[in-house]
Amino acid sequence: MIFTHGTVITMNPAREVIDDGAVVVSGDRIEAVGKTSDLRARYADAEEIDVRGHIVLPGLVDTHVHLAQTMLRGVSEGKRLAEFSNWLFGRIFPLQGSYTEADAAASARLAVLEMIKSGTTSFVECLLAERYGFDGIAEVCVSSGIRAALGKIVMAVSAETRDELGWHHGMWQTRESSITQTLDAHDRWEGAGNGRLQVWFGCRSAEPACDLSLYDEVSELARERAMGITIHLAELPSDNEFARSLGFRSHVELAGGHGLLGSRTVLAHCTVADDGDHELLAATGTSVSHNPANNASAAWGPAAVTDMLAAGVNVALGCDAAPSNANLDVLRDMRIACHSARQRAGTRLAIGPETVLEMATLNGARAIGLGDSLGSLEPNKKADFITIDTDAPHLQPVWNPVATTVFAAQGSDVDTVVIDGQVVMRNRVVRTMDEAAVLDDVKGRFRAVADRAGVTGLESEWPTV
């Protein structure tokens, strides 16, 4: 296939933008990138897909997703709860803990559909619980064509601590079973879908409720199997206070002390990480998933993104979860990432759209261990890319295609999605999923979950008549 007449943002080492450019795909790889006139002549027999008027760029990478929470979109904004622990233990855990495997699969299908339609071609799921049914969710990812790193929950919280905190039983399992199930899932699913699927350790937070020796065990297992690790870290001031109570300088240093830092680890948030933490993260090659929209919604941060980047930390982007962010649209969140960093620094010169686009593509690819295969449009790299149709009032005129992508485009502008050389979406029609069926399934489930969980206060504070 040859995709012709687009404005190609290559993200190659020279960061070339090709006007009237083309991308040639052979199998699951990019064979050539260049001017349409040159490549059309060289590949005269190739099937042509004309993307005239479109911006063509590498597929976006979302490095922090909660698939099961997509069916809980917006539940944070009914009766709002001030304390994070009240929100988690009193609302989110009871809802998720009341899921059936069919509910979890329905939420996952909704999330994957939304990601594909908004240009995300790869993602990291952080915490798949036992009750969700790992196999069903893995099958959703494989059949949809998306690229995924699925973090299976590992935890070490005693039954006594669980009950003391009011931790919903449906969101709890033993240390032994959580590790065994993760390793079993790795045996079954690692490399499925022509290598598109990875199985990671999804560690619950390093907090007082957890036996921290878990992380020493997990980090050793991860090294033995070359598995990825993801964990929420350094989210709140209380995280650093907990670390200092154990003799560590910070929550990031605590993670390092238990083997969690390294090139196969993605830390979510790091909103309270400081300069010393940034140096440690850079030295260990640890990636950070910056979640600007979720942080703003939760009144966290803003994270010191520009300081991290200046220190050499690999900072990627994540949308986090639908209860707070309400969207899995990386295009939208790129804009928020840029605005929040500028606001924090007090200058519009703090960060530019070029850097933010690197975070969503090249840095994301590196975070999931695929920096040599993804993140740019170059020969021999995987054919993961998207096109944005600029024939819309909010996208014209296009003075600067990078700025247009970061500041003006939104998920609904994505027209075509190619993953692993397969056209997964064209003309906004996803070819690998039945969109109507996915939506109908969720519409028939979400209220039943709340009724089963006995959770109230999810509707608008205004009366519904």
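The values are calculated or read from the model by the stated rules, or taken from the named source; none is laboratory data. Keep in mind that this is a model prediction, so the values were computed, not measured. Positions of Cβ are generated from backbone atoms using ideal geometry, with glycine treated the same way; all protein chains shown enter the neighbour counts. Keep in mind that these areas ignore ligands, DNA and RNA; they rest on the heavy atoms of the full protein, side chains included. Shrake-Rupley method; radii C 1.70, N 1.55, O 1.52, S 1.80 Å.
I'm checking a number: the convex hull volume of the Cα atoms of segment 55-210, normalised per residue, in Å³. What is it?
120 Å³
For a quick check of your reading of the filter: which GluC sites (Glu not before Pro) in segment 417-465 sit in a DSSP loop and have no more than 15 other Cβ atoms within 10 Å?
Those satisfying the criteria are 459, 461.
Could you tell me the number of lysine pairs in the chain with C-alpha atoms less than 22 Å from each other, where the two lysines are 8 or more residues apart or belong to different chains?
Close lysine pairs under the 22 Å cut-off: 5.
If 1, 334 are ordered by their accessible area, calculated over protein heavy atoms with a 1.4 Å probe, which sequence runs from highest to lowest?
1, 334
Taking the alpha-carbon centroid of each part, what is the distance from segment 278-347 to segment 3-32 in angstrom?
If you average the Cα positions of each part, the centres end up 28 Å apart.
Let me check against my output: what whole-number percent is the relative contact order of the chain, with C-alpha pairs under 8 Å and at least 6 apart?
In percent, rounded to a whole number, it is 22.
For segment 1-64, which GluC sites (Glu not before Pro) are both in a DSSP coil and crowded by at most 13 other Cβ atoms within 10 Å?
47
Among DSSP beta bridges lying fully in the chain, give the percent that are antiparallel, nearest 5.
40 percent
Ignoring everything but the protein chains, give the 1.4 Å probe accessible area of residue 215 in square angstrom, nearest 10.
Accessible surface of residue 215 is approximately 0 Å².
Within segment 15-95, which trypsin sites (Lys or Arg not before Pro) sit in a loop by DSSP and count at most 12 neighbouring Cβ atoms inside 10 Å?
52, 80
Projecting each Cα onto the charge dipole of segment 1-130 (Lys/Arg +1, Asp/Glu -1 at the beta carbon, about the Cα centre), which of 115, 7, 24 comes out farthest on the positive side?
Farthest along the dipole direction, towards plus: 115.
How much FRET efficiency would the formula 1/(1 + (r/R0)^6) give for residue 79 and residue 372, where r is the Cβ-Cβ distance and R0 is 56 Å, rounded to 0.05?
0.70
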